Amino acid sequence: MTETEPSTHANKPSNTWLQTLKMYAEPASLRMLSLGFSAGLPLLLVFGTLSFWLREAGIDRTTIGFLSWVGLAYGFKWVWSPLVDRMPIPWLTRRLGRRRSWLLLSQAVIMVALGCMAMTDPQVALAPVVWCAVAVAFASATQDIALDAFRIESADVQHQAALAATYQTGYRLAMIWSGAGALWIAARAEVPAAVAGAPAPYQHGPWQIAYVVMALSMLPGVLTVLLSREPMPAFIAPSKGISQWLQGALLAPFADFLKRYRWRAALILALIASYRISDVVMGIMANPFYVDMGYTKDEVAAVTKVYGVIMTLVGAFLGGALALRMGVMRVLMVGAALSAATNMLFAWLSTRGHDVTALIWVVSADNLASGIASSAFIAYLSSLTNVQYSATQYALFSSMMLLLPKFVAGFSGKYVDAFGYADFFSATSLLGLPVLLLVWLASRLQTPARRSPQNPPNPD
C-alpha cells in the first residue's frame, strides 16, 4: 500500500492565497455554512446556555456538572452510526436519499425536544428538562453523523479543510445565536426588578420564549437539506441477509480502520480521545462561573457569545488556510498548545472579580485558539476516513473526541466546590500537556492516505 503522511502532504498544494480563499465561495462550502449552523445550534442549548439557566434557577454546581453527562450521547454515537450509514428510513429515504433523510429526521426531533424544554421550569421539575435535553443530544448526535458523511462525500481531500472552515463558521454563528441570542432574548423578556438597580429574580417565562425561538431557528437547516442534492454515494456491495448486513455496516468500518493503521491505530485513537480535553472540561463550568462572578446576561451575551465567537471564526478561517498551506499536523500542534495555555487566563480572570474588560481579552484569546484547533482537527479526522464507511468511521473519531472529556467534565462541579475556580482552570490547562506529546508522536509516523472507491487498496 502506498503510504503518505496523514492530511499533511495532501493538504499542501501549491495554490496561491487567492485560489485558496476562493474555495470558501464554492457551493459545497456555502451549503456547509448553513448545515454547520444547524449542527451548532443544539449544542449550547443543552450545555452552556442550559447551565446558565440552571444556575440562575438555583441548581447547584455539582448537579450541573453531572448533567453535562447528557453530552455522552455525542461520545457514543458510533454505536448507532452504522444504522445512519446504511439503514433507510421508510418513505423518506426513497425521496431524499440516505444522508438527507437522516438529516431531516434528526432536525425535526431537535425542534420538538427544544419546544418541550421551553415548556418546563427546572426550578419546579428538573427531570423533564433533563429528558428533553437527552432527546436533543441524541438527535443532534445523529444529525452530526449524517452531516459529517454528507460533508466528506461532497468534496475531495484537498477541499476538506475549506469545508471544515465553513462548517465551523456556520457552527459558531449558531453558537452566537444559541448563546448570545438566547441570553439576549431572555434578558429582554424579563420583568424588571422592583428595586431599581437590583438584579431581577429568576423568571421562567423569559427562558420559555428564548427556547421556543431557538427551536424555530432550526428551520434554515431544514430548508438547506430540502434544497440540496444528495452527494454521490460510495459503492456499497449488496448484501444477502442480516448477517452480511451486520458485517458490512457494523464490523467492516472498524476492521478497515484497524487494517489500514495496524498498531498506529492506538496512537491515533489516543490523540483523538484527548485532543480537546482541556477545552471541554473547562467549558462545563464557564457559565456557572459567569453567574457566580456577577456578570449579567447582557454582558455574557455580548462578550462570550459575540466577541468570543467572532474570534473563533477568525481562528477557524486562519486554521483552515494554514492547514492548506502548511499541513494539518503543524497547525494541530499550535492549536493544542494555545488551547491549553489560554485556560490559565481564566484562572487569572477568577481573581479579578467583575471585570468586563478582562473578560473580553480572556474570552477572545481562548476562542481564537479554539477556532484554530477545531479547523485543523476536523481536517485531520476527515483525512483518516475511508469514504466507503465515511459516516461510521467519522462518527467513531468524533465520538472518541468527546467521550473521555465529557466523562471527566462530569466531576467539574465537585472540583470547583472543593478547590475553587482558580485551581479548576489551572488543572484543566495541565490536562492539555500530554496532548502535545501525542501530536508530536503522530506527526512522526507514516500513515496511509484516505482511500476512495476509485483508489482501492493494493492487495499486496
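Just so it is clear, none of the values below were taken in a lab; they were calculated from the coordinates. No experiment lies behind these values; they were computed from the predicted model shown. Heads up, the Cβs are rebuilt from the backbone with ideal geometry, glycines too, and the neighbour counts pull from every protein chain shown.
If you rank V130, V225 by fewest surrounding Cβ atoms within 10 Å, what's the result? Working shown, then result.
Details: V130 19, V225 28.
Result, fewest neighbours first: V130, V225.
Summing charges over neighbours of A73, with a neighbour being any other residue whose Cβ is under 14 Å away from its Cβ, gives +1 when K and R count +1 and D and E count -1. In whole angstrom, note down how far apart the Cα centers of region 41-115 and region 127-142 are. Centre-to-centre (Cα) distance: 6 Å.
Summing +1 for each Lys or Arg and -1 for each Asp or Glu among the other residues whose beta-carbon sits under 15 angstrom from that of A57 gives -2. Counting charges near L318 (Lys, Arg +1; Asp, Glu -1) among other residues having Cβ under 14 Å from its Cβ returns a value of +3. The ranking of D298, D148 from fewest to most other beta carbons within 10 Å of each one's beta carbon is D298, D148.
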